[in-house]
Amino acid sequence: MWTSTRYVEDKTTFISAVNGQLRKPSVSIDSGVMVDVFKDGYFAYSGTSDIQTTGIQLATQRALKLIDVLKEGKSPPLQSNFREQQTGNFQSAVLKHIDTSFIHHLCDSAVELSQKLMGDKIATAESHFMVLERTTKYQDSNGSTWEQKLSSVIPALSAIAYHEGESQKRTLDGGFGRCLQGGQELAQISILKEQCEIIKAEAIELLTADNCPSETLDLLLMPSQMNLQIHESIGHPLEYDRILGDERNYAGSSFIKLSDFGNYQYGSELLNIVFDPTVESEFATYKFDDQGTHAKKESLISRGILQRGLGGLESQIRANLPGVACSRVSSWNRPPIDRMANINMVPGDKTLPQMIESIERGLLMDNNRAWSIDDYRLKFQFGCEMASLIVDGKIVKKLKNPNYRSRTDQFWKRLKAVGDSSTFELFGSPFCGKGEPNQIIRVGHASPACLFSGIEVFGG
Amino acid sequence: MTQEVFLNIADQFLQSSKPGEVITLNLSAENSQFIRFTKGYARQTTHIDQTSYFLQIFTAGRAVSRSLTGTGVVDVDVARLNSGLEQMREMTLQMPPTPFDLPPNGTAVSALNKDRGAMPDLKMVQDDIDAIDLAGLLTFGPLQRGYANSLGGRQWFDSSLFVFDFSLYFGDRAVKQTYSGSNWDQDQFRAKIKEATKQLELMKQPKKKLEPGSYRVFLSSRAVSDLVSHWNWMGLATHNIADKSSHLLALANGQVQLSPHFSLQENYGLGFAEAFDSTGQPLQNLIPLIQDGRFVQGFCSLRTQTQYKEFKANGAHESESMRCTEIAPGTLANDQILSHLKTGVFISDVHYLSWSDPKTARATGMTRFSCFWVEEGTIVAPIEDMRFDVSYYDLFGEKTLLGLTRETDSYLDNSTYESRSLGGIKVPGALVDGFKFTL
């Protein structure tokens, strides 16, 4: 018999202000232990918020009972538990640690930023800070013992402009997109104040902007939208558990087959994607996944050819393919499943002005506001907060309600220019949902600006 | 957790309230088993014993909330709660006022302990799905919700529920089915499997590829449930209407009306969820939201009333979202729906809804699972999944909503993010003209 205990403590502090007034701050401390047991070829999981010795003993007994039931069923047994022995520690790179006085300071800052966003035609001005602190302590009967401490401070700003029945919202990076690991240094209030002025002005400008036209043209996506584009149409389709059928009833399957790895032309030769949980400060950086596998960088797509998928130890055995350290949990109360971590696009060689100058007629879009894709991750429709019309290499005007739609198996083949490191930015999301029972985890996506040809766009 | 233990913890903890403070305590507890199925076998089995508390303190014009996990052991949890409360008190001394968060004044006392019926187990399911490619999640076990405040309010809800949300497969063809309730009946479960298996046979025919354009469609009750539940996302919450972020603003402002056959209301009499929240106020049993196509009101909490003076609280849950919701039935008979549809698309399920144009309440999504092309009242072939992009004002509009079924189906909220959700919706199917497929 093999057993492990995974203690997870999540402290989440949420500070908000609306129209210059603080809302009730909330602090959530969610902690508990998951006991993983492997016996006679079967895994079972039992979690408890009672972290006293008696609580953990009871959880272990329940896991053993589950295995007895599994043995009588028709589930195929595994040959071994596949877990590696690991020891060590990891901590987010932090310049200044989060403390109580910082949280109090955020309450004042939220009010100040919200006031800064207010003005004529602004119906609602909101500022938020989400402060995340996670501790994971893992031990198993193989002798593994490791600990990770991750922390993040995520600012979010938004202004809703309203006039004569028209409502337009503009945000900082599309909501909670500015996700990074770190400490107090991530709450750069003076920079956020400058952003408030831009957000407010653009929300008002959009009220009288023309609607996005319906036509097929070049599309230049900024990193704040590439964040979502990579997540939905590269990250999810490459998850082994989707391909193996585990997710079919809920999140969905994938158009990618196991036989596609190593040969499928996913995109143009300019497309290079990596799984990289080692980037300092990126949102889903870690040393160990939640099964204790040591995390390292791997190429997923190289020169447009699909190389490797997203699967932890168990999925790698089931798929008979190499994978990555991506067995992750949303919290103490869920078993590990295949997830993304940092899925990043490798920069190319074009500056943003060079890409704009190369466009005869096209749109530049940033900040996601709408997203929908089918359960095989093929037909998608995404919307952004704002677009800029580009004609003969120059930005002509702003447009409201921009949307675009395409198919994953066609879209990435239309990638015709990739921005250089000057256009490269780190984003992410704290809200990636998947799994039965459901799990939300944090993902990071870093990307340069990218130019696509012949994309169908339309407006409101 | 039992009601007795909760009341014991609440009584001891709330003794520590000081003059000038109002303190509230919510409990969310579950003892759950999750069996995840892949290809007809149990892929992951998990047992979760989870006790979570939600505290609020209101003092000197300031409010702070805190969530924390517990053990269910009285002394241990009371000590944890008191420690959390001390930190909350300190925070209130250091922060600006929170004028929209008024202290609760509810002192209602209620308790509902529902009968605990039969729950399933792995063997009961596996005996009836032999050799079937099935994927899904079986969730079962007891759930408790409790509430207490320092003013004397005490409320309790205990229920034991199961939800088996599953789909059957033939290659990439699938049929979705859900069996849920509070008393597992093996015969009812077998009937669900039989019905899904029969539908899967229809899916084995070659798929028909549709061209983008407008179609006459029948939306199953499950599809209607998903579409209307999408209104929880910046739709019918009064705070969204007030701050202009609602995508149903034109409906709420009276500029647009839906079909006179469309009526939507919140009805706690359906019993899908506890009828209390963290305010201590009893929730209104019936809240008409849309009546005969006209907007009546959104969900409006006390907090929204405080912030936006022009709106009046209507006994809605503080989340301002659907929890026990129903759409009034129509007159179409389920067993004649294909002949009413004539030629068009039978849509069993929709997937991944997202607003695409806030001003016109337009949303995009995909068809999923067993959707069929129907000709002259006869199923001809399953369709290749299509993307749609439609305005809800058209979908349920006077000219396009041709009718609703007289039969309704109930769907329990099967969300399990962080913990098991309570709630549900009871809806009919809908016959609709001019449904726009785009990709």
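Filter the stretch A:28-63 down to the residues that are of a type in the set (Ser, Thr, Tyr) and more than 33 Å from the chain's Cα centre (by Cα), then identify the one that is nearest to the other protein chains (Cβ to nearest Cβ). Going through the qualifying residues, I end up with A:Thr54. If you filter the stretch A:243-271 down to residues that are open to solvent by 40 Å² or more (accessible area, probe 1.4 Å) and touching a residue at least 24 places away in the same chain (Cβ under 8 Å), you find that the one that is nearest to the other protein chains (Cβ to nearest Cβ) is A:Tyr250.
Checked against the criterion of being open to solvent by 40 Å² or more (accessible area, probe 1.4 Å), under 22 Å from the mean Cα position of the chain (by Cα) and either more than 10 Å from every other protein chain (Cβ to nearest Cβ) or free of Cβ contacts under 8 Å to residues at least 24 places away in the same chain (or both), the candidates A:Pro347, A:Pro353, A:Pro322 yield just one match: A:Pro347.
Output the residue which, of all residues in the stretch A:272-283 that are assigned to a loop (DSSP other than H, G, I, E, B) and touching a Ser or Thr at 6+ places or on another chain (Cβ under 7 Å), is surrounded by the fewest Cβ atoms within 10 Å (Cβ to Cβ).
Step one: filter the stretch A:272-283 for residues assigned to a loop (DSSP other than H, G, I, E, B), giving A:272, A:276-281, A:283.
After this cut, where a residue has to be touching a Ser or Thr at 6+ places or on another chain (Cβ under 7 Å) as well, the list is A:272, A:277-279, A:283.
Values: A:Asn272: 20, A:Pro277: 25, A:Thr278: 15, A:Val279: 18, A:Phe283: 28.
Restricting to residues being assigned to a loop (DSSP other than H, G, I, E, B) and touching a Ser or Thr at 6+ places or on another chain (Cβ under 7 Å), the top hit is A:Thr278.
All of (1) surrounded by fewer than 19 Cβ atoms within 10 Å (Cβ to Cβ); (2) at the interface with chain A (Cβ under 8 Å from one of its Cβ atoms) hold for B:Ser110 with one exception: (2).
Do we have any residue at all in the stretch A:389-399 that's open to solvent by less than 30 Å² (accessible area, probe 1.4 Å), within 11 Å of another protein chain (Cβ to nearest Cβ) and either closer than 14 Å to A:Pro213 by Cβ or at pLDDT 95 or above (or both)?
The first filter runs over the stretch A:389-399 and keeps only residues open to solvent by less than 30 Å² (accessible area, probe 1.4 Å), leaving A:389-390, A:393, A:399.
Now restrict to residues that are within 11 Å of another protein chain (Cβ to nearest Cβ): none.
Looking through the stretch A:389-399, none of the residues is open to solvent by less than 30 Å² (accessible area, probe 1.4 Å), within 11 Å of another protein chain (Cβ to nearest Cβ) and either closer than 14 Å to A:Pro213 by Cβ or at pLDDT 95 or above (or both).
In the stretch A:356-375, what residues are open to solvent by less than 60 Å² (accessible area, probe 1.4 Å) and part of a loop (DSSP other than H, G, I, E, B)? Write out each step before concluding.
Just the residues of the stretch A:356-375 that are open to solvent by less than 60 Å² (accessible area, probe 1.4 Å), to begin with: A:356, A:359, A:362-368, A:370, A:372-375.
Answer for the stretch A:356-375, where residues must be open to solvent by less than 60 Å² (accessible area, probe 1.4 Å) and part of a loop (DSSP other than H, G, I, E, B): A:Ile359, A:Asp374, A:Asp375.
Of the set (1) more than 10 Å from chain B (Cβ to nearest Cβ); (2) more than 30 Å from B:Phe58 (Cα to Cα); (3) not in a strand (DSSP E or B), all apply to A:Leu66 but (1).
In this structure, is A:Arg170 of a type in the set (Lys, Arg), surrounded by 22 or more Cβ atoms within 10 Å (Cβ to Cβ) and more than 20 Å from the chain's Cα centre (by Cα)? It would help to see each step written out before you state the result.
Working: of a type in the set (Lys, Arg): yes; surrounded by 22 or more Cβ atoms within 10 Å (Cβ to Cβ): yes; more than 20 Å from the chain's Cα centre (by Cα): yes.
So A:Arg170 fits the description; yes.
Would you check which residues across the stretch A:418-456 are crowded, with 20+ Cβ neighbours inside 10 Å, over 21 Å from A:Asn272 (Cβ atoms) and either away from every other protein chain (no Cβ under 12 Å) or of a type in the set (Phe, Trp, Tyr) (or both) and list them? Hits for the stretch A:418-456 are A:Ser429, A:Arg442.
In this structure, is B:Lys39 open to solvent by 10 Å² or more (accessible area, probe 1.4 Å), under 21 Å from B:Thr178 (Cα atoms) and of a type in the set (D, E, K, R)?
Numbers: open to solvent by 10 Å² or more (accessible area, probe 1.4 Å): yes; under 21 Å from B:Thr178 (Cα atoms): yes; of a type in the set (D, E, K, R): yes.
Against the criterion (open to solvent by 10 Å² or more (accessible area, probe 1.4 Å), under 21 Å from B:Thr178 (Cα atoms) and of a type in the set (D, E, K, R)), B:Lys39 qualifies.
A single member of B:Glu407, B:Glu384, B:Glu375 is at pLDDT 95 or above and either within 12 Å of another protein chain (Cβ to nearest Cβ) or touching a Cys at 6+ places or on another chain (Cβ under 7 Å) (or both), and it is B:Glu384. Check A:Ile191, A:Ile199 and return the single one that is modelled with pLDDT of 95 or more, open to solvent by 40 Å² or more (accessible area, probe 1.4 Å) and within 28 Å of A:Met355 (Cβ to Cβ). The conditions single out A:Ile191.
It is to be established whether one or more residues within the stretch A:146-153 are within 30 Å of A:Gln291 (Cβ to Cβ), hydroxyl-bearing (Ser, Thr, Tyr) and assigned to a loop (DSSP other than H, G, I, E, B). Steps first, please.
Here is the first cut: in the stretch A:146-153, the ones within 30 Å of A:Gln291 (Cβ to Cβ) are A:146-153.
Now narrow it down to the ones that are hydroxyl-bearing (Ser, Thr, Tyr): A:151-152.
Subset that is assigned to a loop (DSSP other than H, G, I, E, B): none.
So far as the stretch A:146-153 goes, no, none of its residues is within 30 Å of A:Gln291 (Cβ to Cβ), hydroxyl-bearing (Ser, Thr, Tyr) and assigned to a loop (DSSP other than H, G, I, E, B).
For the structure I just gave you, tell me whether B:Gly20 is on the phi > 0 side of the Ramachandran plot and open to solvent by less than 10 Å² (accessible area, probe 1.4 Å). Taking the combined requirement at face value, the residue does not satisfy it.
The values are calculated or read from the model by the stated rules, or taken from the named source; none is laboratory data. Computed from a predicted model, the values in this text were never measured in an experiment. Backbone-built Cβ (ideal geometry, glycine too); neighbour counts: all protein chains shown. In case anyone asks, the SASA skips ligands and DNA or RNA and just uses the protein heavy atoms, side chains included. Shrake-Rupley method; radii C 1.70, N 1.55, O 1.52, S 1.80 Å.
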